[in-house]
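We did not get these values from a lab; they are worked out from the coordinates using the rules stated. Since the model is a prediction, treat every value here as computed from it, not as a measurement. Note that each Cβ is placed from the backbone with ideal geometry, even for glycine, and that neighbours are counted across all protein chains shown.
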Amino acid sequence: MSKELIFYTHPQSRGAIVHWMLEEIGQPYSVRVVEYATTMKAPEYLAINPMGKVPAIQHGDVVVTEAAAICAYLADAFPKAGLAPALDNRGEYYRWLFFAAACGEPAMSDYATGWKVDTADLQRRFGYGSFELTFDTLAGWLAGRSHVAGDRFSAADVYVASLLNFGMDFDLIPRKPEFEAYVAPLLQRSAKKRADAMIQELMTQLAPTTA
């Protein structure tokens with residue numbers, strides 16, 4: 001028997017990244033919605049993720065948290081989906097998947113809170129250097145590319161495109177032409193559209209009803 005795959009999420013969260021990835025792998029999974037400040041902080045879910053955050057997955061006895069890690073895990077756990085390059089060709093794949101997680105995400109988050117890494121001393125201390133350096137570097141890499149790693153779609157594209165799409169939608173990442181050209185076709189993938197429709201349905205289910 002195949003291992004049960006359980007997805008813990010909230011429709012207004014980074015879980016959207018993993019939702020897209022799950023639709024790409026094409027395997028059955030169940031969705032368990034946990035709500036902020038209540039079930040997300042309850043002992044049952046803290047046993048899954050002590051941080052009390054989503055997303056998380058449970059695949060049999062294996063628990064994985066952090067969206068980038070989940071994307072990488074699912075690509076490896078379900079190789080028939082073809083969402084990771086061959087082992088001897090994963091340099092770009094790992095580089096940009098984790099660049100987006102380790103540099104793009106914190107740079108965007110710091111920018112959103114008004115924190116600016118604007119001195120040479122701070123830029124040495126922060127792994128991403130500066131907001132401008134981070135996204136200029138990513139734009140330089142993506143210029144003229146359809147995929148972030150190699151010549152085919154991968155789990156790295158799920159994460160990178162999700163980060164850029166979210167950031168541009170909320171004016172937290174500059175709308176560079178390189179980003180828009182890269183993201184636009186990926187958002188048209190059928191798996192992405194299915195995930196978005198499911199997320200909208202979950203939001204409808206969570207919406208308060210009025211008498």
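Remark: spin-label model distance Leu46-Asp169 equals 3.1 nm, labels positioned 7 Å along the Cα→Cβ axis.
In order along the range 75-86, the phi-based Karplus estimate (6.51 cos²θ - 1.76 cosθ + 1.60, θ = phi - 60°) of 3J(HN,Hα) comes to 4, 7, 6, 10, x, 5, 6, x, 9, 9, x, 4 Hz; Gly and Pro are listed as x.
Only the Cβ atoms of Lys and Arg (+1) and of Asp and Glu (-1) were treated as charged; on that basis the dipole of the chain about its Cα centre amounts to roughly 180 debye.
Of the residues Ser154, Ala100, Thr137, the one whose Cα sits farthest towards the positive end of the charge dipole of the range 87-189 is Ser154 (charges of +1 on Lys and Arg Cβ, -1 on Asp and Glu Cβ, taken about the Cα centre).
For the pair Leu187 and Arg152, label points projected 7 Å from Cα toward Cβ lie 2.7 nm apart. Of the residues Trp20, Trp96, Trp115, Trp141, the one with the fewest other Cβ atoms within 10 Å heads the list, and the complete ranking is Trp115, Trp141, Trp96, Trp20.
Straightening the chain between Glu201 and Leu122 buys 24.1 nm, computed as 0.36 nm per residue apart minus the Cα-Cα spacing. Fewest neighbouring Cβ atoms within 10 Å first, the residues Val148, Val158 line up as Val148, Val158. Arranged from fewest to most other beta-carbon atoms within 10 Å of their beta carbon, Met51, Met198 become Met51, Met198.
For the chain, the tally of Lys pairs with Cα-Cα distances below 25 Å comes to 11, considering only residues 8 or more apart or on different chains. Comparing mean-square fluctuations of Leu172, Leu87, Leu138 from a GNM of the chain with C-alpha springs under 10 Å, the top value falls on Leu87. The value obtained for the range 87-189, namely the Cα convex hull volume divided by the number of residues, is 95 Å³ per residue. Put one equal scatterer on each alpha carbon of the chain, apply the Debye formula with no solvent term, and list log10 I(q)/I(0) at q = 0.13, 0.14, 0.16 1/Å to two decimals. Ignoring solvent entirely, the Cα scatterers give -0.77, -0.89, -1.14. Its residues counted as N, the range 12-70 yields a C-alpha radius of gyration over 2.2 N^0.38 Å of 1.08. The range 1-62 and the range 169-211 have Cα centres lying 18 Å from one another. Extending 7 Å from Cα along the Cβ direction at Gln12 and again at Ser30 yields two label points whose distance is 2.7 nm. When the GluC sites (Glu not before Pro) in the range 1-64 are filtered for DSSP coil states and for at most 15 other beta-carbon atoms within 10 Å of their beta-carbon, the remaining sites are Glu4, Glu35.
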